[in-house]
Each structure stands twice: as C-alpha cells, then as structure tokens.
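Take a look at the structure set out below.
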C-alpha cells in the first residue's frame, strides 16, 4: 500500500510545529511533500526563520518534495460570499479563492521566485483556497504522485 503524506503551511509563523513534524517523519523514515508558504504570512516572511530554511534545504537534498502553497496564504482582498465561506472552511487561508488568472499567476510567480532564491525547485503547487481562476486552469496538488500543470 502506498500512502502519500503532505505537511501543509510550512512557514516561519508555524516553524515550531513544522520543525517538530519534520523531526517526527524523519525519525520514522517517512518521505513527505512539504507545502511551503514563502511570502509574508501574518506579517512575517519565511526568511525570518533561518533554522527552518536550513532544515527545508536539507529536506530537499534528502528527497523530500517541496511544493508551493501560495505566496502569502491569505487573500489580498477578503471580500465576497466565496471569501466568507472559505474563511470558515479554510480558516481565513484562502489566498486564491477570489483571485483572477492574472493575480493567481503573479502570486505563483512570486512564490516560485522566493523558493528559487533559497535554492529550492518547487515540485508542485497546492493553492490555499482554490478559486475560479485555479479551477479554470485545472490546478491540483502537484507532486510526484499527482502531477498537474501550473498556470
């Protein structure tokens, strides 16, 4: 039996828990896809936690997949019925829920650029708060087990 493991919301604001989970899966010999939020989430950039960056770099070298999980995880303009629904379902982390194609592409590009800056090549993209632009382009979790195209 094959089991796919992904850890969402890897970011400086979640670094303590992220590092704890990385240690746990490493001890158990479990490989996972790590869904990284590289931009400013809750006002803090990923770069604020050098230890987490070092650990993600090591994890990437050790065969863990690093995937983009949005730029900032939160929507730029939290308005509309879709956003209100996603605020409950996605705990306010619905960056792509109302994004049009141009906005979605810009957010993805910024995230990929930041990951590249750290020497990571994101192997996929899982959008926080799949919105119409994301569905229109048939985005899905991109990882070795479920490849899909990026906008």
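Table for the structure above
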read-out	value
Considering residues of the stretch 3-38 that are surrounded by fewer than 20 Cβ atoms within 10 Å (Cβ to Cβ) and in contact (Cβ under 8 Å) with a residue 60 or more places away in the chain only, the residue farthest from residue 119 (Cα to Cα)	4
The listed residue being touching a helix residue (DSSP H, G or I) at 6+ places or on another chain (Cβ under 6 Å), under 12 Å from residue 73 (Cβ atoms) and touching a residue at least 24 places away in the same chain (Cβ under 8 Å), out of 52, 46	46
Residue in the stretch 79-87 that is crowded, with 23+ Cβ neighbours inside 10 Å and at pLDDT below 65 present	yes
Qualifying residue in the stretch 92-113 (condition: in a helix (DSSP H, G or I), modelled with pLDDT of 85 or more and closer than 14 Å to residue 10 by Cα)	yes
Residue, nearest to residue 94 (Cα to Cα), within the stretch 21-51, restricted to residues that are in a loop (DSSP other than H, G, I, E, B) and more than 15 Å from the chain's Cα centre (by Cα)	43
Members of the stretch 114-143 that are in a loop (DSSP other than H, G, I, E, B), surrounded by 14 or more Cβ atoms within 10 Å (Cβ to Cβ) and modelled with pLDDT of 60 or more	118, 120, 122, 123, 124, 126, 127, 128, 129, 130
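The values are calculated or read from the model by the stated rules, or taken from the named source; none is laboratory data. This is a predicted model, so every value here is computed, not measured. With ideal geometry, Cβ positions are generated from the backbone for all residues, glycine too; neighbour counts draw on all protein chains shown.
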